[in-house]
Structure formats: C-alpha cells, structure tokens
Amino acid sequence: MKQIASFTIDHMKLLRGVYVSRKDKIGNEIITTFDLRMTRPNFDPVMATGEMHTIEHLAATYLRNHPEYADKTVYFGPMGCRTGFYLLLGGDYTSKDIIPLMIEMYEFIRDFSGDIPGATAENCGNYSDMNLDIAKFYAKQFLDDVLYQIDEEHLNYPA
C-alpha cells in the first residue's frame, strides 16, 4: 500500500505549530486540512484523553459558532497520537491565513469557565472524561509558546 502523506513527515523534526497537512478537491470546493501540533512529537509528553476531549468540545463549539468560519468548518478532532488536532476547513487556505482564528479559538479555551458544551450523558459518549483545567493549561502554553510569535518554521512542515 502507498504510504499516506502525513506519515511521510519526519516527526523527529516536527515542531509545535500550525501546518497545512493536505488540500483535497471535492467537486468545485477545496478542503484544507490543518495539523494543529500542540506538543512536539516524540519529545514532549502526549496529552491525556481528558484534556484532549475538552479541547475538542470547546474548539468545535467555538468554530461552529464563529461568524466567519461556522459554515466553513468541516471537522475539528484529535490526532490518534495525542500530540494535536486536525481542523478541516472548506476553502483554499495557508497556515498563516488561520493564525488569527487559532489565536481567538485558543484564547476562548484558555479563558473558558462554566459547563463544557456537550459534556452530558445525553450529548456525549464519554462525557465524564474531561479535564478543563489541563485543557486551559495547554491552550495557554500553545498561545504563549507558539501562536503569539509564530514564524515560518512553525507554519511549514520540515524539509
């Protein structure tokens, strides 16, 4: 079998950042898949499921209610390796195009208080596996260490 594109990226060189993973054409529409790499693969500890699940609920809710991106958001969800998330947007985007959106979204997560959207038995298949405090910690860390001072090295996959 042919190796999929995301497995061809050298994960020993991959840094935390916002990357265009792929672009797919479906009909006349381009779907851009982003790799939101919150921890450094094979160097940093991976995130536990509770904080990842919380980030997923908060980010998906934020994106699907965003005045500009609600109708463009196709999917937001975790990577199996637990080092980050995938965001799929309808449209032809670069990593740099979505940095303002990512800053807004992670600030929303960092500052969130109250009940996590969809975190009930009626709304979620594993509602008790949530960790808001650690999700907020990771959001703040990603903002401070990566998003607020993002550069080309953290916007483009390593060669």
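The values are calculated or read from the model by the stated rules, or taken from the named source; none is laboratory data. Since this is a predicted model, take the numbers as computed values, not measurements. Cβ coordinates were reconstructed from backbone atoms using ideal geometry, including for glycine residues, and neighbour counts include every protein chain displayed.
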**Item:** Residue in the stretch 57-69 that is more than 16 Å from residue 18 (Cα to Cα), of a type in the set (D, E, K, R) and in contact (Cβ under 8 Å) with a residue 40 or more places away in the chain present
**Value:** no
**Asked** Which of the residues spanning the stretch 105-118 are of a type in the set (Ser, Thr, Tyr) and assigned to a helix (DSSP H, G or I)?
**Response** 106
**Message:** Any residue at all in the stretch 128-142 that's basic (Lys, Arg), under 17 Å from the mean Cα position of the chain (by Cα) and farther than 14 Å from residue 54 by Cβ?
**Reply:** no
**Prompt:** If a residue has to be of a type in the set (A, V, I, L, M, F, W, C) and in contact with a strand residue (DSSP E or B) (Cβ under 8 Å, 6 or more places away or on another chain) to count, how many in the stretch 74-111 make the cut?
**Reply:** 10
**Item:** Output for the stretch 119-136, where each listed residue is surrounded by 15 or more Cβ atoms within 10 Å (Cβ to Cβ) and either in a loop (DSSP other than H, G, I, E, B) or among the hydrophobic types (A, V, I, L, M, F, W, C) (or both)
**Value:** 119, 124, 127, 129, 130, 131, 132, 134, 135
**Asked** Do we find that residue 85 is closer than 25 Å to residue 151 by Cβ, crowded, with 17+ Cβ neighbours inside 10 Å and free of Cβ contacts under 8 Å to residues at least 24 places away in the same chain in this structure?
**Response** no
**Request:** Spot the failing condition for residue 7; the list is (1) aromatic (Phe, Trp, Tyr); (2) loosely packed, with under 15 Cβ neighbours inside 10 Å; (3) at pLDDT 95 or above, and only one is missed.
**Result:** (3)
**Asked** Tally time: how many residues in the stretch 146-159 are part of a helix (DSSP H, G or I) and within 15 Å of the chain's Cα centre (by Cα)?
**Response** 2
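To keep it simple, each residue is scored yes or no on (1) farther than 18 Å from residue 29 by Cα; (2) of a type outside the set (S, T, N, Q); (3) surrounded by 16 or more Cβ atoms within 10 Å (Cβ to Cβ).
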site: 67; (1), (2), (3): yes, yes, no
site: 73; (1), (2), (3): no, no, yes
site: 77; (1), (2), (3): yes, yes, no
site: 102; (1), (2), (3): yes, yes, yes
site: 114; (1), (2), (3): yes, yes, no
